[in-house]
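Undergrad: One structure follows; several queries about it will come next.
The values are calculated or read from the model by the stated rules, or taken from the named source; none is laboratory data. If you're wondering where the values come from, they're calculated on a predicted model, not measured in any experiment. Note: ideal-geometry Cβ built from the backbone for every residue, glycine included; neighbour counts use all protein chains shown. Heavy atoms of the whole protein, side chains included, go into the accessibility calculation; ligands, DNA and RNA do not. Shrake-Rupley method; radii C 1.70, N 1.55, O 1.52, S 1.80 Å.
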Amino acid sequence: MSSAPPPPGSGSASGNRDEMTWWYRWLCRAAAVLGGVSCAISGIWNCVTVNPLNIAAGVWMMLNAFILFLCEVPFCCQFIEFANAVSSRADKLRYWQKAAFYCGMAIVPIFLSFSITTLFGNGIAFASGVLYGLASLGKKGDAVSYAKLQEKRVADEEKLTGGTDIEMPEQ
């Protein structure tokens, strides 16, 4: 993978890859990798107990870490034959789908066993889902297009009300 920004118009099959800048894409991937690492470490720590719900939450967190690594950095899973296929399929998902999937995966262990370990362990994974959710909103518009939109809205309101002149009765 090169660190150079991709050329314009080189999006994937989902059609929404051009709206995310290269540095934001790397930020989302880095957050997902850090989320996977934190889920794995916290999951192992959570499994060192006798409480079955803590063990279930720990196993779920390690599964989250595996899925995050599989979807975002398949070269870390070279020993798995289908890693590249899963990663390419995950890259075709829309950003809001990735956001819902990552946030949903991160919330389940918290519901299983609410503790500091599950909160901090899943926090970064949840943050990567939030970053993908923000990417699904698209780029922020510039001030000129916003001003034109406001002028059009005022003009439409004037058409609906029949003008802007409202006569006030004299007292």
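Undergrad: Condition check: modelled with pLDDT of 90 or more, of a type in the set (Val, Ile, Thr) and either over 12 Å from the mean Cα position of the chain (by Cα) or open to solvent by less than 30 Å² (accessible area, probe 1.4 Å) (or both). Does Val130 satisfy that?
TA: Against the criterion (modelled with pLDDT of 90 or more, of a type in the set (Val, Ile, Thr) and either over 12 Å from the mean Cα position of the chain (by Cα) or open to solvent by less than 30 Å² (accessible area, probe 1.4 Å) (or both)), Val130 does not qualify.
Undergrad: At pLDDT below 95, over 15 Å from the mean Cα position of the chain (by Cα) and surrounded by 15 or more Cβ atoms within 10 Å (Cβ to Cβ) - does that describe any residue in the range 77-85? Can you show your working first?
TA: Just the residues of the range 77-85 that are at pLDDT below 95, to begin with: 77-85.
After this cut, where a residue has to be over 15 Å from the mean Cα position of the chain (by Cα) as well, the list is 77-85.
Next cut, surrounded by 15 or more Cβ atoms within 10 Å (Cβ to Cβ) only: 77, 83.
Yes, the range 77-85 has at least one match.
Undergrad: Further, regarding this structure: Can you name every residue in the range 86-102 that is without any contact (Cβ under 8 Å) to a residue 60 or more places away in the chain, open to solvent by 20 Å² or more (accessible area, probe 1.4 Å) and not β-branched (Val, Ile, Thr)? Reasoning before the result, please.
TA: Here is the first cut: in the range 86-102, the residues without any contact (Cβ under 8 Å) to a residue 60 or more places away in the chain are 86-90, 96-101.
Those still in the list that are open to solvent by 20 Å² or more (accessible area, probe 1.4 Å) too: 86, 88-89, 96-97, 100-101.
Ser88, Arg89, Trp96, Gln97, Ala100, Phe101 - these are the residues of the range 86-102 that are without any contact (Cβ under 8 Å) to a residue 60 or more places away in the chain, open to solvent by 20 Å² or more (accessible area, probe 1.4 Å) and not β-branched (Val, Ile, Thr).
Undergrad: Which members of the range 13-46 meet the condition of being open to solvent by less than 50 Å² (accessible area, probe 1.4 Å), more than 15 Å from the chain's Cα centre (by Cα) and at pLDDT below 90?
TA: Hit for the range 13-46 is Ser14, nothing else.
Undergrad: Would you please name the residue that is nearest to Asn51 (Cα to Cα), looking only at residues in the range 110-123 that are aliphatic (A, V, I, L, M) and open to solvent by less than 70 Å² (accessible area, probe 1.4 Å)?
TA: Leu112
Undergrad: Output the residues belonging to the range 74-110 that are of a type in the set (S, T, N, Q) and not in a helix (DSSP H, G or I).
TA: Residues of the range 74-110 that are of a type in the set (S, T, N, Q), as a first pass: 78, 84, 87-88, 97.
Selection gives Gln78 alone.
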